[in-house]
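Report on the structure given below.
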Amino acid sequence: MLTIKTDYEIELMRKAGAIVRDVLEIVGNNAKPGVTTRKLDAIAYDYIKKCGAHPSFLGYGGFPSSICTSIDEEIVHGIPSGRVLEEGCLLKIDAGACLNGFHADAARTFLIGNVSEEKRLLAKACEESFFRGISILKDGIRLGDLGNCIQTFVEGKGYSVVRELVGHGIGRELHEDPSVPNYGIMGRGLRLSKNMTIAIEPMINYGTRKVQILEDNWTVVTQDGKPSAHYENTVVIKEEGVEILTL
Ligand code: MG
């Protein structure tokens, strides 16, 4: 269901958003070579609970953890485990928190230790594609315009945009309508309107855009094994521009 939020509901989402912003920062500060992804998950769980919130992902569709930890060719939905972070990897952390019945959702790509120039530029382009996308947003802009903006930027850099996974509306539910693709055709798609809240989350690959799912039925990886980057924020559409709730 697609929902338009009241100003009060947006205020609640702002509070959930601040928790997600902070948990990503805390996890990022702890993400170093030698640390397990399970340790990062525990840090995230403890922080979100300390804030009086609930980790949105924990138990969602049976997901076993509070955050997703995806490394290098893993695009999204990696499950925290005893795997140790290694020097030079790209770590994508996706986190959500629910406070007073409202969710916020965001993701970052962290560079672990000394990372190759190729990976660093990929992560940078992913983040930049998000900001390019939101720069055109305001009341009345179509989803196709947003997707096209992100896609054009990413493909212009020689990277590819994942199609199987997209952003989403967010509010009382972690995933609400509409779907928010990171690709699209100008002038097509739903018109965004004031006080809609959406999670915009480009997932971009160094090589092929094609993906596959690992045997754990969660982890989505690139088909060619080349690295991927992810960057996400929950935003509210304003009359002019957007407000980012998770930054
Ligand atoms: Mg999301």
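Okay, here's what the table says:
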read-out: Expected 222 nm ellipticity per residue - DSSP helices of 4 or more, -39500 (n - 2.57), all of the chain, to 500; value: -9500 deg cm²/dmol
read-out: Environment charge at TYR45 (Cβ cut-off 12 Å; Lys +1, Arg +1, Asp -1, Glu -1); value: +2
read-out: Charge tally in the Cβ shell below 14 Å around HIS54, where Lys, Arg are +1 and Asp, Glu are -1, HIS54 excluded; value: +1
read-out: Rel. contact order, % - alpha carbon contacts under 8 angstrom, at least six apart, region 1-159; value: 21
read-out: Too-long pairs where the Cα-Cα distance tops 28 Å, listed order kept, from LYS32/LYS119; LYS49/LYS226; LYS15/LYS39; LYS5/LYS49; value: LYS49/LYS226
read-out: Within-13-Å neighbourhood charge of GLY225 [Cβ basis; K, R +1; D, E -1]; value: -2
read-out: Packing rank of 216-225, 161-170, where each peptide gets the mean count of other beta carbons within 10 Å, highest leading; value: 161-170, 216-225
read-out: Selection of GluC sites (Glu not before Pro), region 194-247, meeting DSSP coil and at most 13 other Cβ within 10 Å; value: GLU215, GLU239, GLU240
read-out: Burial ranking of peptide ranges 15-27, 179-191 (average Cβ count within 10 Å, highest at the top); value: 15-27, 179-191
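Here, each number is a calculation from the coordinates, and none is a lab measurement. Computed from a prediction, not measured in an experiment: that's the story for all the values here. Every residue, glycine among them, receives a Cβ derived from its backbone with ideal geometry; neighbour counts consider all protein chains shown.
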